[in-house]
Structures are given as C-alpha cells and as structure tokens.
1. Kindly evaluate R63 against the criterion of being part of a helix (DSSP H, G or I), within 14 Å of the chain's Cα centre (by Cα) and of a type in the set (D, E, K, R).
2. Quickly run through segment 78-121 and pick out the residues that are part of a loop (DSSP other than H, G, I, E, B) and exposed (fewer than 11 other Cβ atoms within 10 Å of the Cβ).
3. With the requirement that a residue be aromatic (F, W, Y), assigned to a helix (DSSP H, G or I) and more than 17 Å from Y85 (Cα to Cα), what does segment 12-60 give you?
4. Out of T95, T18, which single residue is out of contact with any Phe, Trp or Tyr (no Cβ under 9 Å at 6 or more places or on another chain) and not aromatic (F, W, Y)?
5. If you take the residues in segment 66-77 that are in a helix (DSSP H, G or I) and hydrophobic (A, V, I, L, M, F, W, C), which one is farthest from L40 (Cα to Cα)?
6. Just wondering, is there one or more residues in segment 6-17 that are within 26 Å of H93 (Cβ to Cβ) and surrounded by 16 or more Cβ atoms within 10 Å (Cβ to Cβ)?
7. So, I65, is that one buried (at least 16 other Cβ atoms within 10 Å of the Cβ), closer than 16 Å to I6 by Cα and either modelled with pLDDT of 95 or more or in contact with a Ser or Thr (Cβ under 7 Å, 6 or more places away or on another chain) (or both) or not?
8. Which residue pairs have Cβ atoms closer than 6 Å, lie 6 or more positions apart in sequence or on different chains, and pair a first residue in segment 32-49 that is farther than 9 Å from A74 by Cβ with a second residue that is outside any helix (DSSP H, G or I) and among the small types (G, A, S)?
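The values are calculated or read from the model by the stated rules, or taken from the named source; none is laboratory data. No experiment lies behind these values; they were computed from the predicted model shown. Glycine also receives a Cβ, built like all others from the backbone with ideal geometry; neighbour counts cover every protein chain displayed.
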Amino acid sequence: MQNNTINFKNVFQLKRATLESRIGKFYDDTHDAKATIKYLVALQIRDELSTEDFSFVLSELVRHIFLKTKATRALRRYYYLFLDYFTAKEWKHLTSRLFTVKRFVTEKLTQLMDLIEEVRPEAFAVP
C-alpha cells in the first residue's frame, strides 16, 4: 500500500511548485479535506515566517474544499484562516453553510447551561 501522506518537515523545505503539485495530487488521490486543509494552514504559517511567497497557495483547491465538500468539524475550525480566498458574498454563504442555525442554537444553549451551573451548581445537581 502506498503512503500518500506528505511529511510536515517537507512542507517547510520544498519549493512552492513542488508543494502545490504534491498537495494537489494528495487531495486527488485521497479526497481527505481535513489533512489537505492542515497542510494549507502549515503553508500559511510558512508564508508568515519566511521571505518566500506562499500566499494564496492552491486557492482553487481551497475554494473547492470549502464550497463544495461536506461541512466538517475541521472546516469549521480552520475556515477563518482562509478569509482572503473568498469574496464578501461567498464568505457570508460559507459561514451560513458551515454554521447552521441549529448548531449555533445548540452551542449557545450549552454555553448558557454552563454559565447557570457556575452560578448555581445545585440547579442541575442529581438528588
């Protein structure tokens, strides 16, 4: 079985063109959006730390992953790092797509219950 992973050490050593082809091939072979996004986040870090230009690496792939694939926890976790890849209208659509109203209400209710429990621990205590 062939190992399709890219070593994170290589993410900080290889040239842009090589990384673009390897990450693109990795996604084409595996369709692993979570790992691909993590590689792209690492490239954004490299862009900030180095003098080389790694901005907007694989922008079409990023747009495809966020706009066309299933919304996952990994996409919700890292989506704000890719704000510059989208127009304002697309960003609004992406935000509403990743964070549905039901999920938003559930998260807010959980936070509210936690706050109430901090103030009145006996409110939810089991007798």
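1. Yes: the conditions hold for R63.
2. Within segment 78-121, T87, R120 qualify.
3. Residues satisfying the conditions are F26, Y27.
4. T18
5. Filtering first and then ranking leaves L67.
6. The answer is no, given that none of the residues of segment 6-17 is within 26 Å of H93 (Cβ to Cβ) and surrounded by 16 or more Cβ atoms within 10 Å (Cβ to Cβ).
7. It is false that I65 is buried (at least 16 other Cβ atoms within 10 Å of the Cβ), closer than 16 Å to I6 by Cα and either modelled with pLDDT of 95 or more or in contact with a Ser or Thr (Cβ under 7 Å, 6 or more places away or on another chain) (or both).
8. As it stands, the answer is D47/S55, since those pairs meet every condition given.
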